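Below: one structure, written as structure tokens.
No value in this document is a laboratory result; all are computed from the given coordinates. For clarity, every value in this text was computed on a predicted model and none was experimentally measured. All Cβ positions, even for glycine, are placed from backbone atoms using ideal geometry, and neighbour counts span all protein chains on display.
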Amino acid sequence: MTSLSSSAAAARATFLPSSCRARPAGGRRSQLLVTRAAASSPKLPGGRKLRVAVVGGGPAGGAAAEALAKGGVETVLIERKMDNCKPCGGAIPLCMVSEFDLPLDLVDRRVTKMKMISPSNVAVDIGRTLAPHEYIGMVRREVLDDFLRNRAQKAGAEVLNGLFLRYEAPKERNGTYTVHYNHYDSSNGKVGGEKRSFEVDAIVGADGANSRVAKDMGAGDYEYAIAFQERVKIPDDKMRYYEERAEMYVGDDVSPDFYGWVFPKCDHVAVGTGTVTHKADIKKFQAATRLRAKDKIEGGKIIRVEAHPIPEHPRPKRVSGRVTLVGDAAGYVTKCSGEGIYFAAKSGRMCAEAIVAGSANGTRLVDESDLRKYLAEFDRLYWPTYKVLDILQKVFYRSNAAREAFVEMCADDYVQRMTFDSYLYKRVVPGNPIEDIKLAVNTIGSLVRATALRREMGKLTL
Amino acid sequence: MAMATSTFSPHPLSLKPQLGPRPHRLHLAPFPRLRSHRRLAAAGEAPVEAPPKPAEADPSPAASNGSAAAAPAAAAPAAPVAAAKAEAVASPKFQDSRWVNGTWDLSRFGNTGGAVDWDAVIDAEARRRKWLEDSPEASSSEDAVVFDTSIIPWWAWIKRFHLPEAEKLNGRAAMVGFFMAYFVDSLTGVGLVDQMGNFFCKTLLFVAVAGVLLVRKNEDIDNLKKLIDESTFYDKQWQSTWQDDSPSGPKK
């Protein structure tokens with residue numbers, strides 16, 4: 001943190017007139033860091049603080065607003081619906097609990113057994129290698145989002161209930177952005193809200209897959225998967241099975257390019273599936289998922305049906321002037337597992353930290369290059385994770401044969417340990433080279449066998 | 001390949017005859033009509049024993065192996081099974097007399113020598129997977145599937161899938177290599193023995209072998225191109241943030 005802000009200070013000093021170069025911060029770095037930020041980040045007039053609007057109050061927005069407020073930046077968070085129950089698997093890795101200081105009662109379920117079920121119904125229990133204190137946390141998004149927002153508010157951020165409409169870019173170079181939004185006031189019970197606007201210096205778009213901020217800044221589109229999910233209240237005796245267990249179904253019947261899931265929630269299970277390529281067939285896939293889980297969720301009552309887009313890759317443009325995107329709005333969802341909560345919260349926080357550092361705790365104006373620092377850092381840290389999961393998806397979700405091989409591979413203890421280490425702690429641990437080679441050979445073996453069987457299946461007519 | 005399979009499996013399943021090379025060679029035979037009659041007679045046994053199509057909800061595709069005791073008329077046993085299942089799901093469950101407790105009962109795949117007939121296991125598993133693909137089944141923890149394809153020994157796979165292919169590949173590699181050596185010799189005058197010690201020629205050899213392995217059919221070229229595009233597509237999607245015209249972006 002401190003190192004970040006000092007390097008930012010150095011950067012700022014770069015473009016000061018030569019008379020000021022005597023400052024210690026200028027120094028040797030001035031030749032290296034030629035950034036526009038330095039040229040255009042004057043001190044804010046009248047000692048006022050930097051004002052930042054965070055649009056969207058999900059994990060990304062909540063985390064960003066909290067970090068901004070803590071860093072001395074005047075923060076306004078706009079959220080459309082305070083008790084929004086987003087359709088979401090709700091799985092968070094273990095490291096998120098400690099990194100974001102989440103209280104343990106936020107976690108409804110601790111999943112320690114992950115069952116993966118192949119197209120030919122071979123089931124593999126993943127999680128044998130977990131240590132007793134390790135688990136995948138299942139949260140309800142309405143609870144998690146609310147908690148993060150409240151914490152942001154406590155840290156000093158202003159939380160508004162309203163619908164973001166659009167923003168106006170400044171006319172002059174260091175001018176302010178005007179944010180227009182529909183203010184909802186629960187106290188007077190008026191429907192529709194009233195149009196209001198305010199001025200800010202920077203905007204953080206954390207408003208999810210259908211981001212309006214992204215649209216306004218011309219961030220471009222991304223491909224998205226559609227996720228469909230039914231929350232099913234199942235009888236208690238069946239719920240017992242899902243107490244610590246989540247299920248993943250793979251197969252062409254369930255989804256041609258993703259997986260179907262049964263995730264435990266506080267007192268019910270979420271049954272769902274997703275796809276990018278065959279969105280029109282999502283109902284069929286959902287029926288197939290239900291069929292595959294059949295006995296285990298039989299007699300359940302559907303209490304809620306949800307559908308939501310999941311981004312497949314980052315938007316072409318994630319920053320424009322002093323507007324940037326975080327979380328789903330930017331497109332930070334992994335392939336293969338479809339995980340996004342942790343990356344959303346993390347990107348929100350990293351973006352906020354970059355702004356705090358760039359503005360020297362809210363006393364100076366920021367610029368695009370400060371926001372780009374967050375992008376560079378995020379890409380550097382997480383690009384490998386995204387890439388690996390992309391490769392996994394491409395290799396193993398390709399066909400039923402590959403999925404069979406995938407499930408076979410997951411039966412291996414070494415694979416499970418590596419998967420969980422990288423999932424739970426979000427770091428890529430170098431493995432044991434001998435085990436790696438063994439794994440590669442076994443995986444290729446599995447793939448070859450499954451493909452051979454596949455060829456044989458092609459010749460068959462039933 | 002089909003030669004290999006029929007040599008090693010004494011009880012050909014019904015799907016085997018169609019793989020056999022014999023039908024295509026009829027015109028080469030001295031007495032095609034005679035041969036074809038004999039062949040039909042031989043094949044005629046199979047349909048009687050052979051598994052009727054599972055589409056008719058037959059409970060025992062294994063009938064062809066002769067191990068299923070209750071395999072007489074196909075339609076008769078099918079009816080009650082279909083009726084019993086009708087209330088649960090429209091499509092019947094996969095059933096096979098050799099499929100016991102979630103795995104293939106290897107003792108029922110024995111051939112005359114007492115050894116397991118792995119070819120038949122591969123056939124049976126391919127059949128089961130095909131069946132499940134057409135009519136997916138509910139997974140169940142009580143009735144878990146424990147069959148693992150890795151119990152089939154490696155040589156069974158090689159014998160069945162690689163050897164027929166290997167003939168073709170070896171043949172191709174030899175022909176390509178021969179002609180490359182020939183052309184190099186005729187163009188440069190470097191003889192075959194000298195070519196062995198030449199770096200350029202070694203590279204050519206490597207290219208020839210890799211090419212023969214990677215491009216087995218004409219479509220493979222397109223597939224390879226697609227694969228390369230696909231593998232860099234995600235990178236491009238991520239890097240697009242850094243490729244806009246903004247001069248200030250700190251490049252990674």
Cα gyration tensor shape of the range B:173-241, rounded if a/c is under 1.5, else prolate or oblate by comparing a/b with b/c: prolate
One finds, for residue A:168 and residue A:395 with R0 = 51 angstrom and r their Cβ-Cβ distance, a FRET efficiency to the nearest 0.05 of 0.65
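Rounded, prolate or oblate, given the Cα gyration tensor of the range A:392-460, with a/c below 1.5 counting as rounded?
Here the range A:392-460 falls in the prolate category.
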Please state the charge dipole magnitude for the range B:173-241, taken about the Cα centre, from unit charges on C-beta atoms (+1 on K and R, -1 on D and E), reported in debye and rounded to the nearest 20. 40 debye
Above-threshold pairs, the threshold being 30 Å between Cα atoms, out of A:301/B:93; A:265/A:294; A:171/A:426: A:171/A:426
Nearby lysines by direct alpha-carbon distance to residue B:236 (threshold 22 angstrom, same-chain neighbours under 8 apart not counted): A:215, A:317, A:335, A:373, A:387, A:394, B:225, B:226, B:251, B:252
Determine the sum of side-chain charges near residue A:278: Lys and Arg each +1, Asp and Glu each -1, restricted to other residues whose C-beta is under 15 angstrom from that of residue A:278. -2
Within 10 Å of each residue's Cβ, count the other Cβ atoms and sort A:456, A:306, A:247 from fewest upward. A:306, A:456, A:247
To the nearest 20 Debye, how big is the dipole of the range A:224-311 about its Cα centre, given +1 on the beta carbon of each Lys and Arg and -1 on that of each Asp and Glu? 240 debye
Determine the shape class of the range A:249-402: with a ≥ b ≥ c the square roots of the Cα gyration tensor eigenvalues, call it rounded for a/c under 1.5, and otherwise prolate if a/b is greater than b/c, oblate otherwise. prolate
Once the in-chain neighbours fewer than 8 apart are removed, the aspartates and glutamates whose Cα is under 13 Å from residue A:195 read A:185
